[in-house]
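The values are calculated or read from the model by the stated rules, or taken from the named source; none is laboratory data. All figures in this text were calculated on a predicted structure; none of them were measured in a lab. Using ideal geometry, Cβ is built from the backbone for each residue, glycine included, and neighbour counts are taken over all protein chains shown. The protein model used for the area step is the full one, side chains on, heavy atoms only, and it has no ligands, DNA or RNA in it. Shrake-Rupley method; radii C 1.70, N 1.55, O 1.52, S 1.80 Å.
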Amino acid sequence: MEFTANYLAQILNGDVEGDGKVTVSDFSKIEEGKSGTISFLANPIYNKYIYSTSSNIVIVNKNLVLEKKVSPTLIRVDNAYEAFAELLNIYNSLKNSKQGIEQPSFIAEDVRIDDSVYIGAFTYIAKNVKIGKNVKIYPNCYIAENTEIKDNTTINSGVKIYSDCKIGANCTVHSGVIIGGDGFGFAPQKNNDYKKVPQIGNVIIEDNVEIGANTTIDRATIGSTIIRKGVKLDNLVQVAHNVEIGENTVIAAQSGIAGSAKIGKACMIGGQVGIVGHVTIADEVKIAAQSGIAKSIKQKGTVYQGSPAFGIFDYQKSLVVFKNLPQIIKQIDAIEKKIQN
Amino acid sequence: MEFTANYLAQILNGDVEGDGKVTVSDFSKIEEGKSGTISFLANPIYNKYIYSTSSNIVIVNKNLVLEKKVSPTLIRVDNAYEAFAELLNIYNSLKNSKQGIEQPSFIAEDVRIDDSVYIGAFTYIAKNVKIGKNVKIYPNCYIAENTEIKDNTTINSGVKIYSDCKIGANCTVHSGVIIGGDGFGFAPQKNNDYKKVPQIGNVIIEDNVEIGANTTIDRATIGSTIIRKGVKLDNLVQVAHNVEIGENTVIAAQSGIAGSAKIGKACMIGGQVGIVGHVTIADEVKIAAQSGIAKSIKQKGTVYQGSPAFGIFDYQKSLVVFKNLPQIIKQIDAIEKKIQN
Amino acid sequence: MEFTANYLAQILNGDVEGDGKVTVSDFSKIEEGKSGTISFLANPIYNKYIYSTSSNIVIVNKNLVLEKKVSPTLIRVDNAYEAFAELLNIYNSLKNSKQGIEQPSFIAEDVRIDDSVYIGAFTYIAKNVKIGKNVKIYPNCYIAENTEIKDNTTINSGVKIYSDCKIGANCTVHSGVIIGGDGFGFAPQKNNDYKKVPQIGNVIIEDNVEIGANTTIDRATIGSTIIRKGVKLDNLVQVAHNVEIGENTVIAAQSGIAGSAKIGKACMIGGQVGIVGHVTIADEVKIAAQSGIAKSIKQKGTVYQGSPAFGIFDYQKSLVVFKNLPQIIKQIDAIEKKIQN
């Protein structure tokens, strides 16, 4: 796809400065600008690059003052960053505009698929699955019995969803995500072995959730594992059975939430964090990367670090001392010597 | 599926108290009881919910004494928890009773498939694979050459098993599990790059093993990576080449075992634990979540914590002091001041 | 496949000692030698096993002096380890010699596939994908639009590659790997929720890279996430958007690299390491397992440990004190008592 500066300016409600007929087919950062691409300039720190960039078009703020002539065509808009993001979004939705059912795919007889839906080849849709409008399910997915996927949700290639789960509207589920696998529940027996506790609940994912590649979300033992609306999970995150994650909470890659933990709203959880089972985390709590949460956090908006974690301010103070421990030992030994004399 | 209280009481060898014709089609916890569901009451702490629950049927112990009238139909049995678990098991096996070969699937010519087996669509069974009775292999799986899967094992959707591996009987392998990928072995060369060490061993998984979603188990360099009978691995666990995990050991999510480590029987390993290569862990050892095991653990039944880990009792004591370090520094400074005067 | 000692000696340019007609069909370690297999003996520590092994053939160094008679046939070569590795390589390439397009597969009309290529059943090749010579793409893969895969690369079963990515020559990508999923970028909005930042860059993987099972590599927001030539990534590694990993760097299982971090050449990064976003790691840096890197590491060849990490030598000293903290507290209390008297 190739676009002229004039055409893009029209979409963005901006003014062209320079050759309006120049065309671009891709995006680049202004500091890495390449021929055939469009960039943006919003942060004044990057102003210098406008004089050297090879981008053919740069979106700039209306009030940008140039110190000398520039080679790219400019599109002047009210907010250059937002205009650029809007272009990216338009580009992405053009790119992902697939519809129709590819063959071979496996769709159980009782499943009704709206014309607006895309089902990729080698995808399996089991009995009694319900699929909303504009849903895209890419190739090699498996959607088991009774699962429901609401409008405008995208399921990328290779996602597996076990039976009876509910996926909200406007969600994006990335490749390799497993939703609804059995919770890790085993009752110890007398002879050291285990008896599986049947896991017959499900997973409920509300609207506007994004789930990163190869993340796993287990079904509840009974009831539901719940991901509330607006939650963003990064790649390789583990969500155990009966967990509930509150609205708009963000969890970075490789973190794990053990069984029945309840995470509040608008929390920010760093990468590789572990949270033990059955705890409650208050709203707006922040947890530093690699921390281990062993107890409930009751105060809203607090910040934790460490494994096991405590308040980040106290943790940082202890950490400073930890680094100095060999020095402190010398200090103690010196004191001891002194008082022995 | 809908069942009457009378029918369920007959299965459970229990006595109906109330309307035997009431029907249920799902399960719920008594404290979250919903119309159309069956719950159980075993722990006296939950006794109060029997008076308010909306469940239509509750399984209770024979000796439960009611303080007032209740609305659900009761089924009185010897052990309410076990009776409930039995129902869950029956429900699950009814639900997962698939048989036959769905099309399109790819089955090599020399593979014999018993009538009791289920092979889902888009599953690939390569040459010389052996599949036992009642095995279920869900859609989108890949089972490479010479692999063997014994009776009653369930391979969920999207599992990939490389060539020459052996999977025991009564195992459950969850979606996205990769068995038999190459071990991470590279010989350093003079110019900073690496030469791959061929990985020509296999993976042996014994009977009654459960493997969680997206877990990876690498094949041995030579010989076998071995998962002994009764082992339970949670989601996103990494098992490297030539590891051996002893009978009935349980490993929680996101833990990783490096190459040639040998884990004992009946160990319990928490989430996000790391174990370095070539160590031996004694039987019945417990390791706290996020711990790092850098050396062999020789004493049976010991409990470890920390990264690097040591005995949990000592670790906890050091940890208490760690939290107080800023306070202790003040104490030392005060002493220093005092003795300088 | 079955081979005589005479035949193998000819391949390895070695001398047969004993029955040259004995045959083997598999490999084993000398200390675990089994009938029907070939082993090697290079390290003198293992010399004793040559008298007891059940292997039928053992490759040994030319200068090995025997103390008594041995039962296996020997093949004497200049370097027993290298000769054995060569046999493994030959075996592996014989085993993985598939060619042709299996059905059903999905190949877009404009994709040209060389006769030397293998495409497994249920694999999906989208529009404008370019595939080099001798490429093997196993069953159940998904290769999206405009992606390029160069000569001699193997893509194992179940790999998903999003659009516009570039995979170099001689790479091995293991099952379940996800390349090119969206970076984790969300702009916070006023009402606590998030707006997705479109991720329109790609992933570039250079030549001779190996990527372990279920590893995830996100596409760049703009520009490219880059894995330089010779890099080896183990299983379940997370590489975020706009990361660059330098030539010949090796990263063990379950490590995670956050967005825009730049890792140098020939680094060695242990398992379960976390590296925060936007840092730079110098060449030849080593990072111990489970460490957390919170700041750039500027000095080439340094070794780090801890979470947060600092120089391994200082870390180890602090760690020793950490273990002794309860003892040190007693020491301080004793001092305090003494000076109070």
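Distances between placed amide hydrogens fall under 5 Å for B:Thr280 paired with B:Lys262, B:Ser296, B:Ile297, all partners being 5 or more residues away or on another chain. On the beta carbon distance between B:Phe186 and A:Asn146, with R0 = 35 Å, the FRET formula returns roughly 0.15. Here is the interface size for A with B: some 4700 Å² of accessible area buried, both sides summed, with a 1.4 Å probe.
Using a ≥ b ≥ c from the Cα gyration tensor of segment A:104-180 (square roots of the eigenvalues), is it rounded, prolate or oblate, where a/c under 1.5 gives rounded and otherwise the larger of a/b and b/c decides, a/b for prolate? The shape class here is rounded.
The shape of segment A:265-316 comes out rounded: with a ≥ b ≥ c from the C-alpha gyration tensor, a/c is under 1.5. Note on segment B:188-239: Cα convex hull, mean projected area over all directions, 4.5 nm².
Taking amide hydrogens as placed 1.01 Å from N in the peptide plane, the amide H of A:Lys136 sits under 5 Å from those of A:Tyr118, A:Thr153, A:Thr154, A:Ile155, each at least 5 positions away in sequence or on another chain. Residues of segment C:110-144 falling in the label zone of C:Glu102, defined by backbone nitrogen less than 14 Å from a point 7 Å along Cα to beta-carbon, are C:118-124, C:136-142. Note on B:207-219: average number of Cβ atoms from other chains within 10 Å of each residue's Cβ is 6. Counting only whole DSSP H helices of chain C, the ones at least 15 Å long by C-alpha along their axis and with mean Kyte-Doolittle hydropathy no lower than -0.5 are C:80-95, C:312-340. For segment B:191-240, the share of accessible area belonging to carbon and sulfur comes to 43 percent (1.4 Å probe, ligands and nucleic acids excluded). Global size of segment B:1-85: 11.1, 33 Å for Rg and Dmax (C-alpha atoms, Rg to one decimal, Dmax whole). Per residue, the convex hull spanned by the Cα atoms of segment B:49-193 amounts to 207 cubic angstrom. Once divided by 2.2 N^0.38 Å, the Cα radius of gyration of the protein assembly as shown becomes 1.00. Loop-only trypsin sites (Lys or Arg not before Pro) in segment A:8-53, please: DSSP not H, G, I, E or B, and at most 14 other Cβ atoms within 10 Å. Answer in residue order: A:Lys21.
Taking every C-alpha pair closer than 8 Å and separated by at least 6 residues, the mean separation divided by the residue count of chain B gives a relative contact order of 6 percent.
Averaged over the residues of C:255-262, the number of partner chain Cβ atoms lying within 10 Å of the residue Cβ comes to 3. Counting Cβ atoms of other protein chains within 10 Å of each residue's Cβ and taking the mean over peptide B:272-285 gives 3. The convex hull defined by the C-alpha atoms of segment C:228-297 has an orientation-averaged projected area of 3.5 nm². The per residue volume of the convex hull around the alpha-carbon atoms of segment C:245-341 is 102 Å³. Take the Cα radius of gyration of chain B and divide it by 2.2 N^0.38 Å, N being the number of residues; the result is 1.32.
Take every DSSP beta bridge whose two residues both sit in the protein assembly as shown; close to 15 percent of them are antiparallel. Each Cα pair under 8 Å and six or more residues apart adds its separation to the average, and for segment B:20-64 the resulting relative contact order is 39 percent.
Cα gyration tensor of segment A:116-159, axes a ≥ b ≥ c as square roots of the eigenvalues: rounded (a/c below 1.5), prolate (a/b > b/c) or oblate? The shape class here is oblate. Excluding ligands, DNA and RNA, the accessible surface per residue across the protein assembly as shown is 42 Å² with a 1.4 Å probe. Take C:65-76, B:36-47 and order them by the average number of nearby Cβ atoms within 10 Å per residue, most first; the result is B:36-47, C:65-76. Site pair C:Asp110 and B:Lys69 shows an inter-label distance of 7.6 nm when each label is modelled 7 Å from Cα along Cα→Cβ.
Across the cross-link table entries A:Lys195/C:Lys323; A:Lys98/C:Lys196; B:Lys229/C:Lys323; B:Lys317/B:Lys337; B:Lys265/C:Lys265; A:Lys127/B:Lys229, which are compared at the Cα atoms, the separations over 32 Å belong to A:Lys195/C:Lys323; B:Lys229/C:Lys323; B:Lys265/C:Lys265; A:Lys127/B:Lys229.
List every residue whose amide H lies under 5 Å from the amide H of C:Gly274, counting only residues 5 or more places away in sequence or on a different chain, with H placed 1.01 Å from N in the peptide plane. The answer is C:Gly256, C:Ser291, C:Gly292, C:Ile293. Placing a label point 7 Å from the Cα of B:Ser52 along the Cα-to-Cβ line, the residues of segment B:1-34 whose backbone N sits under 16 Å from it are B:29-34. Distances between equivalent label points of A:Asn92 across the copies, with each point positioned 7 Å along Cα→Cβ, amount to 3.9, 3.9 nm, shortest listed first. Applying D = kT/(6 pi eta Rh) to segment C:168-293, where Rh is the Kirkwood radius over alpha-carbon pairs, T corresponds to 10 °C and eta to 1.306 mPa s, the Stokes-Einstein value obtained is 111 µm²/s.
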